[in-house]
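Heads up: the structure comes next, in structure tokens.
The values are calculated or read from the model by the stated rules, or taken from the named source; none is laboratory data. None of these values were measured; they are calculated from a predicted model. Backbone-built Cβ (ideal geometry, glycine too); neighbour counts: all protein chains shown. Heads up: the accessible areas ignore ligands, DNA and RNA and are worked out on the full protein's heavy atoms, side chains in. Shrake-Rupley method; radii C 1.70, N 1.55, O 1.52, S 1.80 Å.
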Amino acid sequence: MSAAFPDFRLGAVLATSFTGTLSERHGDAVERIPTPQRLVDWLAVSGLAVDSCTAAQLELARELRESIHAAATAAAVQDALPVSAVQVINDRSAQGRAAAILTPEGRRQWRLDSASCVEDALGVIAADAISIIAGERDGKLALCASPTCQAAFFDTSRSRTRRWCDMNTCGNRQKKARFHANQRKNAGPAD
């Protein structure tokens, strides 16, 4: 992967990892799939390798990403799901051709056939989004507490009280900010 692009922020849940390809949505947004090749790269590291991607397929992917983000955000705050987002997610899920297979380690993995394309991979991502938004998996949707991020993430912690989409980025940034604010407060004026 090219050093010219920001690293991917991969999580344990495919759909919310995919929405994380656009981070800092309420600050200086960071686009992690700015080119068709970067989408191919992200799909490969996510277990959904495809041979190529066109600009039109990249736009389909971004539309799905934003639809998942909108629906997951609504679900996290218990609002009605946006009808247009639901339609995009359903369309992508229905158009994909992929098979779930069981690995020798006893885990599920997706297999795209040799003629698979980006649409098939997007179908897998959409199906994953449906399973978490519909509440079929053990966990809950939540929003990152970072004011510049506010990404939807799937909280599988025991207490379901996780605050950050990623402790290594958003969580650390907030902890550093609190530390520095406390340092300034405690320094006070010299007598």
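Observations on the model:
- Taking (1) open to solvent by less than 50 Å² (accessible area, probe 1.4 Å); (2) under 29 Å from H26 (Cβ atoms) in turn, D120 satisfies each apart from (2).
- Filter result for the condition that a residue is of a type in the set (V, I, T) and open to solvent by 60 Å² or more (accessible area, probe 1.4 Å), over T35, T54, T73: T54
- For region 18-30, residues that are touching a strand residue (DSSP E or B) at 6+ places or on another chain (Cβ under 9 Å) and in contact (Cβ under 8 Å) with a residue 24 or more places away in the chain total 7.
- Residue match in region 94-108 (condition: open to solvent by less than 40 Å² (accessible area, probe 1.4 Å) and either of a type in the set (G, A, S) or touching a helix residue (DSSP H, G or I) at 6+ places or on another chain (Cβ under 7 Å) (or both)): yes
- Selection count where residues are touching a residue at least 40 places away in the same chain (Cβ under 8 Å) and of a type outside the set (D, E, K, R), scope region 99-122: 8
- Those helices (runs of 4 or more DSSP H) lying entirely in region 5-122 with at least 2 residues more than 15 Å from the chain's Cα centre (by Cα): 36-45, 55-76, 83-95
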